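Asker: Attaching a single structure in structure tokens format; questions to follow.
Every number here is computed from the coordinates shown, using simple stated rules; none is lab data. What you see is a predicted model, and the numbers here were worked out from it, not measured in a lab. Note that each Cβ is placed from the backbone with ideal geometry, even for glycine, and that neighbours are counted across all protein chains shown.
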């Protein structure tokens, strides 16, 4: 059943002062959801694109306390609930686009269409950065109607698992060359878009980047003890169960600890593994934590571990931010040869990589570093130097150049 929003159609903005006193062009970051703890990179974009006066427009505010004083946040009104089943969802959206009386082709309710028109006319964005492919498709007709350059920013799920949805893939093929620019975070994603019909000069490979914290002095860490750390949602794509199994199989497990930061649907599976192997005294499950706690754990750790795999639905990582964060804190990495991870981790120099689902191989790699404190230190130093080449500052500068170019070409 389709339900219309009962809320009034007006601009709900979280921030009192919307003045653009410094005359920077207004840039919108448009997203389905904003404020989620796992999307720290998006908040960094919103607060660090210094060439622009950034506003966030979102269908859902995941955390009502998120960034209220940082950027204006406009919560979309008038959007209808659409079917979750892929076939019904895209068929229904197609009907919305065909019969939309406000903007032809806009696959949204007339009320939502009016909200976008009114809010665009009120705030006059110079460019819009749509986070994830589905949002870019959703906004293309309305942004073209209002002559706002639109950049489609892809990250992972939207160029892997989503492509199994015929309605999404068809629309993406039709619209790719209508976007003013395409941004991806990994080379394999560029190849995917090229196969779908995008033009090479339209695509920009710009990883998310991470800020470079002060260098961590680990000379006081015990050589005969190793603290492993994993940070990420407990989902199939990140195989936290494989990380736990690898840790449990280590010969020197009793001289090591594992801290896992994150929550998700595999929490119970992880707890069962801990109980089965009797390693509850060596494993801490912290759940979802603030960025401050994550930073503290990274300063205290010795090795970062992540067993990313291609999910059952085809979902793949884009540019795993947690791995880059760990490298920026000088941690050697044990991870998988998956997606863009081999560009983040220089094998045998900044970390050790194993094949996806190779639990025994991961266990051996973890055990190898657990017993060699000097090697951990050297790998961590090299890793920090390597990831600095894709620091947040560098990547934001590249992204801002793309946004400025789109504005110039639209005039």
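Asker: Which shape class applies to segment 99-231: rounded if a/c is under 1.5, otherwise prolate when a/b exceeds b/c and oblate if not, where a ≥ b ≥ c are the square roots of the Cα gyration tensor eigenvalues?
Answerer: Numbers: a/c = 2.63, a/b = 1.97, b/c = 1.34.
It is prolate, given that a/c is not under 1.5 and a/b is the larger ratio.
Asker: Further question on the same structure: Classify segment 91-159 as rounded, prolate or oblate, taking a ≥ b ≥ c as the square roots of the eigenvalues of its Cα gyration tensor: rounded when a/c is under 1.5, otherwise prolate if a/b is larger than b/c and oblate if not.
Answerer: Details: a/c = 2.31, a/b = 1.09, b/c = 2.12.
Here segment 91-159 falls in the oblate category.
Asker: Can you order the peptides 233-240, 168-175, 332-339 by their average number of other Cβ atoms within 10 Å per residue, highest first?
Answerer: Result, highest mean first: 332-339, 233-240, 168-175.
Asker: Pull up the DSSP beta bridges for segment 226-390 and report the antiparallel fraction as a percent, rounded to 5.
Answerer: Antiparallel bridges: around 5 percent, rounded to the nearest 5.
Asker: Let me ask something else. Within the chain, what percent of beta bridges assigned by DSSP are antiparallel, to the nearest 5?
Answerer: 5
Asker: Let me ask something else. How would you rank 81, 407, going from fewest to most other Cβ atoms within 10 Å of each one's own Cβ?
Answerer: Starting with the residue having the fewest Cβ neighbours, the order is 81, 407.
Asker: Let me ask something else about it. Taking only DSSP H segments of four or more residues, each worth -39500 (n - 2.57), what value at 222 nm results for the chain once the sum is divided by all its residues, to the nearest 500 deg cm²/dmol?
Answerer: -11500 deg cm²/dmol
Asker: Given springs between every Cα pair under 10 Å in a Gaussian network model of the chain, which of 79, 100, 272 has the largest fluctuation?
Answerer: 272
Asker: Fewest to most neighbouring Cβ within 10 Å: what's the order for 358, 275, 23?
Answerer: On the way: 358 18, 275 10, 23 6.
The order, fewest Cβ neighbours first, is 23, 275, 358.
Asker: Going by C-beta contacts inside 10 Å, put 303, 261, 205 in order with the fewest on the left.
Answerer: In increasing order of surrounding Cβ atoms, one gets 205, 261, 303.
Asker: I need the Kirkwood Rh of segment 226-390: take the reciprocal of the average 1/r across all distinct C-alpha pairs and report it in angstrom.
Answerer: Radius from the Kirkwood sum: 15.4 Å.
Asker: Another question, if that's okay. Choose one answer from 279, 323, 29: the residue with the largest mean-square fluctuation in a GNM of the chain with alpha-carbon springs under 10 Å.
Answerer: Per the Cα network of the chain with a 10 Å cutoff, 279 tops the list.
Asker: For an R0 of 45 angstrom, estimate the FRET efficiency from the Cβ-Cβ distance between residue 187 and residue 292 and round to the nearest 0.05.
Answerer: Result of the calculation: an efficiency of 0.85.
Asker: Here's another thing I want to ask about it. Give the whole-number value, in cubic angstrom per residue, of the convex hull volume spanned by the C-alpha atoms of the chain.
Answerer: Convex hull of Cα atoms, per residue: 144 Å³.
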